[in-house]
Amino acid sequence: MAERPYTLLSCGISLDGYLDAASGERLVLSNEADLDRVDAVRAECDAILVGAATVRNDNPRLLVRTPARQRARVARGLCPSPMKVTVTHRAELDACGNFFAAGDSEKLVYCTSAAVRDARSRLGGVATVVDGGEPVRVRHVSEDLRRRGVRRLMVEGGGSVHTQFLTEGLADELHLVVAPFFVGTSRAHRFVGDGAFPWHPGRRARLEEVRQIGDVVLLRYALSSRFGSEEEA
């Protein structure tokens, strides 16, 4: 079996398990202290992966924010922020969006074979477009990233991407932050969709840490035998 990076999933949810609001406006689930924790985790990763819907809807920068952490990465011979990666079917992405325009790190776009030519025409000047197959499979993406030198991958959503990494057994660790409020509508998107997950009533995930961070709670789960091993470093 081909190697893949140590993979950490990071997500914030409401008390009723939603990632966003049905209104289309960005839902703030974290707080400043937790955002600083996320920044520290990002600084230790080689790449950050998000789905195309997250790129379109949230317009994320996906950068290490703290100058001291940026300098520490540069001192190790790295870019100030990790490589940015997205997975898309149609590659309908804005080349001027923050994902592409913010920061000097490498950007990768994995898209379906049918969309490669168009994607390279529109995005080739700001990112490396990779043929991800038909359809794009996250296992292929993960293995290709490892061949490109990514040893530690942080996956920041959205729900479809989290679902794929979890159901295919590609996650080693989960950081789930719970915000102290309800969204209250099934029109919003949940943390994961339907699927055959490796963790179920007969095989429970191992809870490694519970930490209060202001008004949110971090739940840290070990999802593979690689948790805490040298592969994590």
task: May I ask you to verify whether F165 is over 15 Å from the mean Cα position of the chain (by Cα) and either over 30 Å from G103 (Cα atoms) or not small (G, A, S) (or both)?
output: no
- prompt: Across the range 1-37, which residue is farthest from the chain's Cα centre (by Cα) among those that are open to solvent by 30 Å² or more (accessible area, probe 1.4 Å) and under 23 Å from D144 (Cα atoms)?
  reply: M1
- prompt: Of the residues that make up the range 195-215, is at least one under 19 Å from the mean Cα position of the chain (by Cα) and either loosely packed, with under 11 Cβ neighbours inside 10 Å or assigned to a loop (DSSP other than H, G, I, E, B) (or both)?
  reply: yes
statement: Picked from the range 91-109 (must be touching a Ser or Thr at 6+ places or on another chain (Cβ under 9 Å) and acidic (D, E)), the residue nearest to R65 (Cα to Cα) is D104
query: How many of the residues in the range 110-136 are within 23 Å of V64 (Cα to Cα), of a type in the set (S, T, Y) and open to solvent by 20 Å² or more (accessible area, probe 1.4 Å)?
result: 1
- line: Among the residues of the range 137-165, the number that are open to solvent by less than 10 Å² (accessible area, probe 1.4 Å), more than 13 Å from V50 (Cα to Cα) and in a helix (DSSP H, G or I) is 1
- request: Among what's in the range 44-59 and is of a type outside the set (A, V, I, L, M) and over 23 Å from R147 (Cβ atoms), pick the residue that is nearest to the chain's Cα centre (by Cα).
  value: T54
message: Of everything in the range 126-147, what is without any contact (Cβ under 8 Å) to a residue 40 or more places away in the chain and either under 16 Å from S105 (Cβ atoms) or hydrophobic (A, V, I, L, M, F, W, C) (or both)? Give them in sequence order.
response: V126, A127, T128, V129, V130
Matching residues, the range 60-76, being touching a residue at least 24 places away in the same chain (Cβ under 8 Å) and either closer than 17 Å to V129 by Cα or open to solvent by 70 Å² or more (accessible area, probe 1.4 Å) (or both): R61, R65
query: Quick one: would you say A40 is exposed (fewer than 15 other Cβ atoms within 10 Å of the Cβ) and either at pLDDT 95 or above or in contact with a helix residue (DSSP H, G or I) (Cβ under 9 Å, 6 or more places away or on another chain) (or both)?
result: yes
- line: Restricting attention to the range 77-109, the residues that are open to solvent by less than 30 Å² (accessible area, probe 1.4 Å) and out of contact with any Leu (no Cβ under 9 Å at 6 or more places or on another chain) number exactly 2
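The values are calculated or read from the model by the stated rules, or taken from the named source; none is laboratory data. Because the structure is predicted, anything quoted here is derived from the model rather than measured. Please note: Cβ atoms are built from the backbone with ideal geometry, for glycine as well, and neighbour counts cover all protein chains shown. Surface areas here come from the heavy atoms of the whole protein model, side chains and all, with no ligands, DNA or RNA. Shrake-Rupley method; radii C 1.70, N 1.55, O 1.52, S 1.80 Å.
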